[in-house]
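No value in this document is a laboratory result; all are computed from the given coordinates. The structure displayed is predicted, hence computed values, not measured ones. Note that we place each Cβ from the backbone using ideal geometry, even for glycine, and neighbour counts take in every protein chain shown.
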Amino acid sequence: MTENYSINFNPLKRRKSNIQYIILHYTGMKKESEAIERLCNVKSKVSSHYFIKNSGQVLTLVPDIYEAWHAGKSSWKNLKSLNKNSIGIEINNPGHDFGYKKFNLKQILSLKKLLKYLIKKYNIKKKNILGHSDIAPYRKKDPGEKFPWKDLYKNNLCYDHNLNKKDIKKFRKIKLNFSEEKKFLINLYKIGYSRINIRQLNKNKIPLVKAFQRRYRQELVDGKIDKECFLISKNLKTFL
């Protein structure tokens, strides 16, 4: 790892026990150099603890012991603003606005090594490895549907469902009734996602469902709650 420190962080040291989550991001910028510059620019007021370049090189921007500014307005379970309880990892990728593409092998190999190190050092639970869109579904899409969550899961580096992909695909696009949709959203809340006011269901559900799909049903991100999504949510909930 290479030190390339950002000045955007809270100077108060936090306890090691406060670090409970790892949040994965993509940079969402055209050029890698511009992304690094932004994360180190005092005017941007954003940063992360680590940055993974296209080459796989890992930069340390903010030491773990300090709170970096990567999560923004966010929530998970009963926590609000996850900066104080998490480590942020930025992976270079242009993102949805600038030609979103697959993360390359060198980046993912470096990420796996980094996650293994951090999980062991801070005793972080696998279910606490999250994407930015998990904790901020109404603002963010990263790391997105091309991020290899299943690969991390196979390497015991994150949480996922264990249903057979072929078995549940036949339930795709099968509509649910209102009661089943409500149960699906309750499952999401139990997993950790934002709670939705049922009265505002139609207004707020699409970004939340898309965040769930980008993580757990990447082949089709349409914001529609179908039986496949419901079965996945039910399976995930049983392993909490």
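Quick one: of the DSSP bridges fully inside the range 2-154, what percent are antiparallel, nearest 5?
Within the range 2-154, antiparallel bridges account for around 35 percent of the total.
Net charge near Leu157, counting Lys/Arg +1 and Asp/Glu -1 over other residues with Cβ under 9 Å of its Cβ?
+3
Among residues other than Phe9 whose Cβ falls under 13 Å from its Cβ, what is the net charge (Lys/Arg +1, Asp/Glu -1)?
+2
Would you mind checking which residues have amide H under 5 Å from Gly223's amide H? H placed 1.01 Å from N; only 5 or more apart, or other chain.
Residues meeting the amide H criterion: Lys210.
Work the Kirkwood hydrodynamic radius out for the range 39-180: mean of 1/r over every pair of different alpha-carbon atoms, inverted, in Å.
16.8
Which ordering of Phe171, Phe147, Phe9 is given by a fewest-first count of other beta-carbon atoms within 10 Å? Write out the running numbers ahead of the final one.
Numbers: Phe171 14, Phe147 24, Phe9 20.
Ordered by Cβ neighbours within 10 Å, fewest first: Phe171, Phe9, Phe147.
Name the residue farthest towards the positive end of the dipole of the range 2-154 from the options His96, Ser110, Gly56, assuming +1 on Cβ of Lys and Arg, -1 on Cβ of Asp and Glu, about the Cα centre.
With unit charges placed on the Cβ atoms, the residue in question is Ser110.
Using R₀ = 45 Å, calculate the FRET efficiency as 1/(1 + (r/R₀)^6) where r is the Cβ-Cβ separation of Asn155 and Ser179; round to 0.05. Walk me through the intermediate numbers first.
Details: r = 38 Å, r/R0 = 0.84.
Here the calculated transfer efficiency is 0.75.
Convert each backbone phi in the range 212-225 into a coupling constant with the Karplus relation 6.51 cos²θ - 1.76 cosθ + 1.60 (shift: θ = phi - 60°), then list the ³J(HN,Hα) values in order as whole Hz, x for Gly and Pro.
4, 5, 4, 8, 10, 9, 6, 5, 9, 10, 10, x, 9, 7
Under the Kirkwood approximation applied to all pairs of distinct alpha-carbon atoms, what is the hydrodynamic radius of the chain in Å? Please list the in-between numbers first.
Numbers: mean 1/r = 0.0546 Å⁻¹.
That comes to 18.3 Å for the chain.
Mind sorting Arg139, Arg215 by how few other Cβ atoms lie within 10 Å of their own Cβ, fewest first?
Arg139, Arg215
Taking the beta-carbon count within 10 Å as an exposure proxy, list Asp134, Asp167 from fewest neighbours to most. Don't skip to the end; give the middle numbers.
Numbers: Asp134 25, Asp167 10.
Ranked by crowding around the Cβ, least crowded first: Asp167, Asp134.
Pairs to check: Lys80/Lys227; Lys125/Lys170; Lys30/Lys80; Lys30/Lys227; Lys30/Lys165; Lys125/Lys146. Give those whose C-alpha atoms are more than 28 Å from each other in this structure.
Violating the 28 Å Cα-Cα cut-off are Lys80/Lys227; Lys125/Lys170; Lys30/Lys80; Lys30/Lys227; Lys30/Lys165.
Could you work out the helix-only [θ] at 222 nm for the chain, with each DSSP H run of four or more residues adding -39,500 (n - 2.57) and the total divided by the number of residues, to the nearest 500 deg cm²/dmol? Present the calculation step by step, with values, prior to reporting the outcome.
Details: 8 runs with 84 residues, N = 240.
Calculated from helices alone, the mean residue ellipticity at 222 nm is -10500 deg cm²/dmol.
Given the alpha-carbon gyration tensor of the range 89-156, what are the semi-axes of its equivalent ellipsoid in whole angstrom, ordered largest first, with each equal to the square root of 5 times an eigenvalue?
Semi-axis lengths for the range 89-156 are 21, 15, 10 Å.
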